[in-house]
Structures are given as C-alpha cells and as structure tokens.
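*Asks:* Submitted below is the structure of interest, expressed as structure tokens.
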Amino acid sequence: RVKRAGFIHDGILLKAERMAHLVANRYTEQVDTETFAREIALAPKQALKLFHLVFGTGLSRFTTGYRIFQAQRLLVTSDLRIVDVSEASGFGSLGRFNRAFREFCGCSPKDYRKRFSLVASPRIRACT
C-alpha cells in the first residue's frame, strides 16, 4: 500500500519528486512516459498513478503547466516573438501553445504580454 492514514510513504515521495525534476530539467523536450517510468524504476502505468497520487494532477497536465509558466516568464522578460517563446517553452507547435496558454491563463500570449510587463507588475499571473 502506498497511502496509509493520509500519509504518503517517503520512498513514493522521492520517486514523484524525481519525476517532477525530470519535467523541470527536460521541459523543452518531448519526454515519453516510459522515460519517466524508467527513471524511477516503475512500470509506466504505475508511474502515472503515483504522480497523480502525489501531485493531484496528471503528468501531462503538470508538464504543460510548467511549460506555460516558462512561457509567461519569457513573455514578460523578453521581446522574443510568440513563436520563439512557444518553441523555447517546449511546445511542438504554435497552435498547441496558443490553445494551452489560453486554457491555463484565460487569454492569448499576446494579450498576456500586453497586460503583464515587469514594469507594470513583477508577479506572473493569469489574465482573469
């Protein structure tokens, strides 16, 4: 059993943490589930289940959220073109980036950049 009386075993936490570090270190790459599972010595389905148990979200959504955070940072701290921000954030296509950005932030990357510059506000936040 992984979870008992509301607590998660330390070994499980370490495995989940290693997966989160892999996202942070390789978010610009398309890393498959098998790679994550191999990293923590679990079967792919077990790795995904463990990740969801610990973080309360799926690995794919977590990775997309991390990429969006990186995109937000680039949008307010650089003058990179939107397509370059998309690529630098690990998205495979501009269309996928725009859809994900709108889903997570409630506005387009262009509108986000207009609304939230470091001069106006040092915090990175959603449009809504």
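The values are calculated or read from the model by the stated rules, or taken from the named source; none is laboratory data. Here the structure is a predicted model, which is why all the values come from computation and not from measurement. Cβ placement follows ideal geometry from the backbone for every residue including glycine, while neighbour counts extend to all protein chains displayed. Accessible surface areas use protein heavy atoms only, side chains included; no ligands, DNA or RNA. Shrake-Rupley method; radii C 1.70, N 1.55, O 1.52, S 1.80 Å.
*Asks:* Restricting attention to segment 1-104, which chymotrypsin sites (Phe, Trp or Tyr not before Pro) occupy a DSSP loop and are surrounded by at most 11 other Cβ atoms within 10 Å?
*Replies:* On the way: sites: F7, Y27, F36, F51, F55, F62, Y66, F69, F91, F97, F101, F104; in loops: Y27, F91.
For chymotrypsin sites (Phe, Trp or Tyr not before Pro) across segment 1-104 that sit outside H, G, I, E and B with at most 11 neighbouring Cβ atoms in 10 Å, the list is empty.
*Asks:* When the chain is modelled as a GNM with alpha-carbon springs shorter than 10 Å, which of T28, T77, T64 fluctuates the most?
*Replies:* Highest fluctuation of the listed residues: T77.
*Asks:* For the chain, what number of Lys pairs, 8 or more residues apart or on separate chains, have alpha-carbon atoms under 29 Å from each other? Write down the numbers at each step before the final one.
*Replies:* Values: K3/K15; K3/K45; K3/K49; K15/K45; K15/K49.
Number of lysine pairs found: 5.
*Asks:* Quick one: divide the alpha-carbon radius of gyration of the chain by 2.2 N^0.38 Å and tell me what you get.
*Replies:* Working: Rg = 16.6 Å, N = 128, 2.2 N^0.38 = 13.9 Å.
That works out to 1.20 for the chain.
*Asks:* Taking 8 Å as the Cα distance limit and 6 or more residues as the minimum spacing, I'd like the relative contact order of the chain as a percentage.
*Replies:* 19
*Asks:* Another one. State in Å² the accessible area per residue of the chain; use a 1.4 Å probe, count heavy atoms of protein chains only, and round to the nearest integer. Before the final figure, lay out each step's value.
*Replies:* On the way: 7990 Å² over 128 residues.
Ligands and nucleic acids excluded, the figure is 62 Å² per residue.
*Asks:* Another question, then. If I model a spin label at K110 and F69 as a point 7 Å from the Cα along the Cα→Cβ vector, what separation in nanometres do I get?
*Replies:* Result for the modelled spin labels: 2.8 nm.
*Asks:* A follow-up question, please. In the chain, what percent of the accessible surface is made up of carbon and sulfur (1.4 Å probe, ligands and nucleic acids excluded)? Mind showing how you got there, number by number?
*Replies:* Numbers: 4240 of 7990 Å².
Carbon plus sulfur share of accessible area: 53 percent.
*Asks:* Where does segment 61-112 land on Rg/Rh, using Cα atoms and the Kirkwood Rh? List each step's numbers first, then the result.
*Replies:* Working: Rg = 9.4 Å, Rh = 10.5 Å.
My calculation puts Rg/Rh at 0.90.
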